[in-house]
Amino acid sequence: MAVKTQLNYSPNFESSKRLKKKIKFIILHYTGMKKESDAINRLTNIHSKVSCHYLIKKNGEILTLVPDLYTAWHAGKSEWKNFKSLNKHSIGIEISNPGHQFDYKKFSNKQIRSLLKLSKFLIKKYDINTKNILGHSDIAPERKKDPGEKFPWKFFAKNSVGLWHSLESNILKKNRGLKISKVNENYLLKNIFKIGYSKKMPTKLNKKKYLSLIVKAYQRRFRPELINGKVDKECLLISKNLVKKFK
């Protein structure tokens, strides 16, 4: 069953069509601008050189900006597992939200319902593996925070959109903040890289800073209650659980 959308086409996309089988991922973003209208204008302005396939408004309306079989410009420099430059392999969905810079808010129930419906439709249409539903911060941790810690990843995973761990929250809370050995720190980082986060360190960052950003991105996605860039036993337990799911 098709999803109802409003057309508001953007000129910002690659002119050549891609094959249906090229679409492997759905990447979720927030708009990160104070006004929804400004975000829409930017995504449809030829001079901005950014776009997405779909935008979900605060009221839950879905806009189509770029047709699925054309590559939109939403991910930028990005990596996940063996994939680089994820634009060409993904569908980008922007959710209207001011983001961390402008009083980051909870996503509305209408937005969540619309996104769930749209995601399920796209997963079925393009045979996308649910483990390939990612946030912009997953694929560009040194640059991005969206869709952020207020995005309900656990709820979506329960509805077969994206993955989540299967550990009890009371067990995890007991291990939050508990220090782990250097050996286990390295083990945790290896698990994070196995999940899909990029090992490749940007030239402008030192190793310590980059690892902290990777851990923050991981926490923002899978342990949103505490995002501090510091590894602990809770993070380790979650990584052990997730690494099996992301194979």
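Throughout, read-outs are computed from the coordinates displayed, never taken from laboratory work. Not measured: the values here are computed from a predicted model. Reconstructed Cβ throughout: ideal geometry from the backbone, glycine too, with neighbour counts over all protein chains shown.
Descriptive notes on the structure:
- Each Lys and Arg Cβ is given +1 and each Asp and Glu Cβ -1; about its Cα centre, segment 169-245 then shows a dipole of about 180 debye.
- Taking other C-beta atoms within 10 Å as the exposure proxy, Asp232, Asp127, Asp68 rank Asp127, Asp68, Asp232 from fewest upward.
- Two-site label geometry, Ile171 and Met201: point separation in nm, points 7 Å out along Cα→Cβ: 3.4 nm
- Translational diffusion of segment 1-143, µm² s⁻¹ [Kirkwood Rh, Cα pairs; Stokes-Einstein; 20 °C; 1.002 mPa s]: 142 µm²/s
- Note on segment 169-245: Cα-Cα pairs beyond 17 Å make up 40% of the total pair count.
- Considering only segment 23-108, percent of DSSP beta bridges that pair antiparallel, nearest 5: 35 percent
- Separation between Cα centres of segment 4-34 and segment 129-178, rounded to whole Å: 22 Å
- If R0 equals 22 Å, the separation of the Cβ atoms of Asp127 and Phe155 corresponds to a calculated FRET efficiency of about 0.45.
- Tyr70-Glu14 pseudo-label distance in nm [points 7 Å out on the Cα-to-Cβ vector]: 1.4 nm
- Taking amide H as placed 1.01 Å from N in the peptide plane, Gly135 has its amide H under 5 Å from the amide H of Leu28, each at least 5 places away in sequence or on another chain.
- Mean residue ellipticity (222 nm) of the chain, computed from DSSP H runs ≥ 4 via -39,500 (n - 2.57), nearest 500: -10500 deg cm²/dmol
- Listing Leu242, Leu178 from fewest to most neighbouring C-beta atoms within 10 Å gives Leu178, Leu242.
- Taking other C-beta atoms within 10 angstrom as a stand-in for reagent exposure, Val215, Val3 fall in the order Val3, Val215, fewest first.
- Here the alpha carbons of the chain define both size measures, Rg and Dmax, at 17.7, 54 Å.
- Residues whose amide H lies under 5 Å from that of Lys105, counting only those 5 or more places away or on a different chain, are Gly99; hydrogens are built 1.01 Å from N in the peptide plane.
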